[in-house]
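FYI, it's all coordinate maths here, none of it is from the lab. Predicted model, so just to flag it, every value in this text is computed and none were measured. Here the Cβ positions follow ideal geometry from the backbone for every residue, glycine too, while neighbour counts run over all protein chains shown.
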Amino acid sequence: MLENRVNKEILKQRLAGETFNRKTLSFYRYVTIANPSEFRDELFRKWSEMNCFGRIYVAREGINAQMSVPEHSLTDFLLHLNSMPGLAEMPIKYALVDNGKSFYKLTIKVRPKIVADGLGHDTYDLSKVGKHLSALEFHELAGKPETVIIDMRNHYESEIGRFENAVCPDADTFKDAIQMVVQDFEQHKDKKILLYCTGGIRCEKASSFLLHKGFTDVSQLYGGIIEYAQQIKHLGLPSKFTGKNFVFDDRLGETIDGQVISHCHQCGKPADTHVNCANDDCHLLFIQCSECAGKYEKCCSEDCREINHLPLEARRALRSVNQRKYAGSKIYKSKLSPFLLKADMLHDQATAIHG
């Protein structure tokens, strides 16, 4: 399979040494792709030639992409995108805060779906989705008392930023979130529902599924938080989204209004910077302030910091023990907050260290 197998650190060094600027952008489209593997390889060849980076998922149901494109190749990239069957005139969303270092390589994967939802194909019809609302329409409706605003993102996304008065499911995944919403609003299917997510892709499925389940008045923010932030700023209106928008690249977030609404998971001080625990055998995604980053050496706990200083062989021994014990648990999924589950693992590792 066509892929980049160069060492990660070498790729990051190359990125740091680039003398040109890049644009971070994203797009998606639900469109039937007859042969996702061939489609994937064609994209990889062409976009590699342009020195594009990013994370792209391709499936029979469409494409979902977050990318970093050299500014000098942007016109050619968009022309190529428009030339691809089914991808012409793709709505492109550009990053609000862009340092050009969002990705360091090109990864294109074929998946069963471009958004994992745990739903059968007969439980939604993407030709029947909620009403698409412009940023201004959503902004105006969001202030009305009869509307219910629902965040279709995961808990670690809404923790650092969300719309005023939004219902934020305490969900680890979109698969969980969509079921929580149906269950929590089972007795209120006639409510005026406003859905939002990062760029709109999750709301397409969520609104379709809610309509399938009998909800009668479902709308969605077209273009998601990214489009809303850009349009509201252009219109000179105060944002009803507060905090930071979580993004799925190396930046992990971009501020919308400059406010910090979340807290460091270690000391409780105001903070909104997500990091992955420096102990690769943990790799937990959590919020850490700069002081705690120094104190814990970018680890999520003293135990992980101590484990991170162990010789490689000792860490490998601990790794094999805990991967067997916790196989299939949330511990080895990075975008969750399984602190209770993780406590047992850290206890076992500390016991192995100290005897």
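Summary table below
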quantity: Residue list for the stretch 296-319, filter: within 16 Å of Leu284 (Cα to Cα) and not in a loop (DSSP other than H, G, I, E, B); calculated: Glu302, Asp303, Cys304, Arg305, Glu306, Ile307, Asn308, Arg319
quantity: Total residues in the stretch 67-108, condition assigned to a loop (DSSP other than H, G, I, E, B) and of a type in the set (D, E, K, R); calculated: 4
quantity: Those residues of the stretch 24-43 which are in a helix (DSSP H, G or I) and either closer than 25 Å to Arg202 by Cβ or of a type in the set (Ser, Thr, Tyr) (or both), in sequence order; calculated: Pro36, Ser37, Phe39, Arg40, Leu43
quantity: Residue check, Val69 over 15 Å from Glu18 (Cβ atoms) and under 20 Å from the mean Cα position of the chain (by Cα); calculated: no
quantity: Matching residues, the stretch 2-17, being in a loop (DSSP other than H, G, I, E, B) and touching a residue at least 40 places away in the same chain (Cβ under 8 Å); calculated: Leu2, Glu3, Asn4, Val6
quantity: Failed condition for Gly118, given (1) in a loop (DSSP other than H, G, I, E, B); (2) within 20 Å of the chain's Cα centre (by Cα); (3) surrounded by 13 or more Cβ atoms within 10 Å (Cβ to Cβ); calculated: (3)
quantity: Flag for Asn64 being outside any loop (DSSP other than H, G, I, E, B) and of a type in the set (S, T, N, Q); calculated: yes
quantity: Considering residues of the stretch 148-184 that are of a type in the set (S, T, N, Q) and surrounded by 18 or more Cβ atoms within 10 Å (Cβ to Cβ) only, the residue farthest from Arg202 (Cα to Cα); calculated: Ser158
quantity: In the stretch 78-91, residue nearest to the chain's Cα centre (by Cα) [restricted to those that are buried (at least 16 other Cβ atoms within 10 Å of the Cβ) and within 26 Å of Leu221 (Cβ to Cβ)]; calculated: Met90
quantity: Search result, residues across the stretch 32-66 that are surrounded by fewer than 16 Cβ atoms within 10 Å (Cβ to Cβ) and within 18 Å of Lys93 (Cβ to Cβ); calculated: none
quantity: Some residue of the stretch 235-256 being assigned to a helix (DSSP H, G or I) and of a type outside the set (D, E, K, R); calculated: yes
